[in-house]
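To start, the structure under review is shown below, and the notes come after it.
The values are calculated or read from the model by the stated rules, or taken from the named source; none is laboratory data. Given the structure is predicted, the values throughout are model-derived calculations rather than measurements. Cβ sites come from the backbone with ideal geometry, for glycine too, and all protein chains shown count toward neighbours. Ligands, DNA and RNA are stripped out before the accessible areas are found, and what is left, the full protein with its side chains, is counted by its heavy atoms. Shrake-Rupley method; radii C 1.70, N 1.55, O 1.52, S 1.80 Å.
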Amino acid sequence: MAKTPINNDIRKLRFNQDEMTQQQLADKVGVTRQTIAAIENGKYSPTLELAFRIAQVFSLPLEEVFTYNPEDTKK
Amino acid sequence: MPYQEKKIIISMISSLLVLAAYWFYIYQNYPAEITTTPTNFRFWGKTILILIPVSIVSRIVIMILFTIANRIATREEEPSFSDERDKLIELKAMRNSHWIFILGFFVAMGSLALGIAPYWMFIIIILSGFISEMADGFSQLYYYRKGI
């Protein structure tokens, strides 16, 4: 299945937050660890609400966590 | 393997086992009613109506046993909730499953239209219910592994 057109820097941001684990982030935003893993790997585009919750955890605006690249779906 | 995937596989295996066991029981005890009385709708009505609660209860028991066995073997806890991705996967799998059941329904009606013995219609309905359940499981596994 093609990657989603939404890229993200969650892995890097977690690293910058004292190597926050996927489980810790999942607990903070109210999803399962598998969902965070799927988002990081580009296998799932989160809903707008979840995207905002993730951005809020890192105290960043949405566009600094997620970027939209429609070209990625053509790969 | 994540808990959700294990649960789906166990659910699919239990569906297969329950249907096989029930069918075996029917075939052993009522062989004449299945084929030699093609218009015995009462038999088929009872067969399908009993299959539904038998299937639900058996699957609940199998899932409880799986949860206990999995907990003992892996010390992994069952996720206490299903998040938005789980729900989306469930919905997409259910859509695929419904399409297959609808197709089975048309095939069943087609068998009547073609004048095939009515008991085939009931067999096709039961089979399409089973195949649609399998499709639901395979779809969920596919979406969990490949992404949505």
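Looking only at region A:61-70, decide whether some residue is within 14 Å of chain B (Cβ to nearest Cβ), among the acidic types (Asp, Glu) and within 12 Å of the chain's Cα centre (by Cα). Scanning region A:61-70, I find no residue that is within 14 Å of chain B (Cβ to nearest Cβ), among the acidic types (Asp, Glu) and within 12 Å of the chain's Cα centre (by Cα), so the answer is no. Within region A:25-36, the residues that satisfy the criterion of being surrounded by fewer than 16 Cβ atoms within 10 Å (Cβ to Cβ) and without any contact (Cβ under 8 Å) to a residue 24 or more places away in the chain are A:Asp27, A:Gly30.
Scanning region B:1-42 for residues that are open to solvent by less than 30 Å² (accessible area, probe 1.4 Å) and at pLDDT below 85 yields a count of 3. At least 3 residues being hydrophobic (A, V, I, L, M, F, W, C) is the threshold, and among the helices (runs of 4 or more DSSP H) wholly inside chain A those reaching it are A:10-16, A:22-29, A:33-40, A:48-57. Scanning region B:102-139 for residues that are within 30 Å of A:Gln34 (Cα to Cα), open to solvent by 30 Å² or more (accessible area, probe 1.4 Å) and not aliphatic (A, V, I, L, M) yields B:Phe130, B:Glu133, B:Asp136, B:Phe138. Looking across region A:8-49 at every residue that is over 9 Å from the mean Cα position of the chain (by Cα), among the hydrophobic types (A, V, I, L, M, F, W, C) and within 21 Å of B:Glu90 (Cβ to Cβ), the one that is nearest to the other protein chains (Cβ to nearest Cβ) is identified as A:Val31. Checked against the criterion of being under 21 Å from B:Glu5 (Cα atoms), under 16 Å from the mean Cα position of the chain (by Cα) and free of Cβ contacts under 8 Å to residues at least 12 places away in the same chain, region B:100-120 contains not a single residue that satisfies it.
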